[in-house]
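Remarks on the structure that follows.
The values are calculated or read from the model by the stated rules, or taken from the named source; none is laboratory data. For clarity, every value in this text was computed on a predicted model and none was experimentally measured. A quick note on method: Cβ atoms are made from the backbone with ideal geometry, for glycine too, and the neighbour counts reach across all protein chains shown.
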Amino acid sequence: MGILEGKRAIVTGSSGEIGKTVVEEFLKEGAYVAAGARRTHILEEYAANWKKHFAADRIYADFLDVSDEKSVINFVSKTQEVFGRIDAVVNVAGHVLEPKLWNKSIADITVDEIISVIKVDLIGSFLMVKHTVKVMKKHGYGVFVNFSSTPAIAGYDKGLPYTLAKAAILGLTKHIAWEYGRYGIRAYTLALGSIETEPSVKWLTPHEYQILARESPLGRWGRPAEVAAIVAFLCSEKPSFVNGQTIVVDGGAVLY
């Protein structure tokens, strides 16, 4: 029996490498998963493959734009129809990492550029919480895992729009813990360091790749599977007295 046996979970951003890997880890651990993403052509391929290895009734995959409240409401409603309840929400969905925006100085960044990132990373996570927490409260149980980054904790000289959005995620998680802990609901933030996915490395030179690898005492990049394993653990019953915390997943690059 897996550590998530019978749990009903939503995973946003399921067409990306980390989201896809989280879905697969949850299925392996016995969960029923509602996988949402904007890139449905990719999601449909993934879902077809998942259904070859797991019972089809444990998988619901559909379009989800977390920055659009109507889309969120529709997805959550359909998930309830399919699975009956929602035990966990994993907010993986995030704004695409754009090298040009990442490297912009604060003096050159526009308000619209900041808003475009916040709309997905922060508002998207907020909307998912807003429209699922009532379901969790009704059943007296739930877990949220929100995604942030190490620059939100330690600061960085690049990627300000992303850092602003990810720093706010820390506050969202703490608020969930305080307001809803009494109802059996827990919340966590994962602050990711250098995790090797195609979008995160494709614009790096081999030298830049090695520099980022050496930021960690482990001397390498993290893997999506390592992130997914932590998410599954947090959504299980095992860390039942841990709440509102930020778990740094960076191989020890940020120590505090």
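For every residue, the table says whether it meets (1) at pLDDT 95 or above; (2) part of a strand (DSSP E or B); (3) over 18 Å from the mean Cα position of the chain (by Cα); (4) not β-branched (Val, Ile, Thr).
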residue	(1), (2), (3), (4)
100	no, no, yes, yes
121	yes, no, no, yes
125	yes, no, no, yes
145	yes, yes, no, no
172	yes, no, no, yes
177	yes, no, no, yes
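Is there a residue being within 21 Å of residue 10 (Cβ to Cβ), modelled with pLDDT of 95 or more and under 14 Å from the mean Cα position of the chain (by Cα) anywhere in segment 158-166? Don't jump to the end; show me each part of the working.
Filtering segment 158-166 for residues within 21 Å of residue 10 (Cβ to Cβ) gives 165-166.
After this cut, where a residue has to be modelled with pLDDT of 95 or more as well, the list is 165-166.
The next check asks that each one be under 14 Å from the mean Cα position of the chain (by Cα); those that pass are 165-166.
Yes.
For residue 33, indicate whether it is in contact (Cβ under 8 Å) with a residue 40 or more places away in the chain, crowded, with 22+ Cβ neighbours inside 10 Å and closer than 29 Å to residue 240 by Cα. Working first, answer last.
Values: in contact (Cβ under 8 Å) with a residue 40 or more places away in the chain: no; crowded, with 22+ Cβ neighbours inside 10 Å: yes; closer than 29 Å to residue 240 by Cα: yes.
Answer is no for this residue.
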Where residue 75 falls short, out of the listed (1) crowded, with 18+ Cβ neighbours inside 10 Å; (2) within 25 Å of residue 226 (Cα to Cα):
(2)
Of the conditions (1) surrounded by 19 or more Cβ atoms within 10 Å (Cβ to Cβ); (2) over 15 Å from the mean Cα position of the chain (by Cα); (3) farther than 21 Å from residue 95 by Cα, the single one that residue 211 does not satisfy is (1)
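For segment 160-179, which residues satisfy the criterion of being touching a Gly at 6+ places or on another chain (Cβ under 9 Å) and among the small types (Gly, Ala, Ser)?
Pass one, segment 160-179, residues touching a Gly at 6+ places or on another chain (Cβ under 9 Å): 162-163, 165-166, 173-178.
If the condition is that a residue be touching a Gly at 6+ places or on another chain (Cβ under 9 Å) and among the small types (Gly, Ala, Ser), then 165, 177 are the ones that fit.
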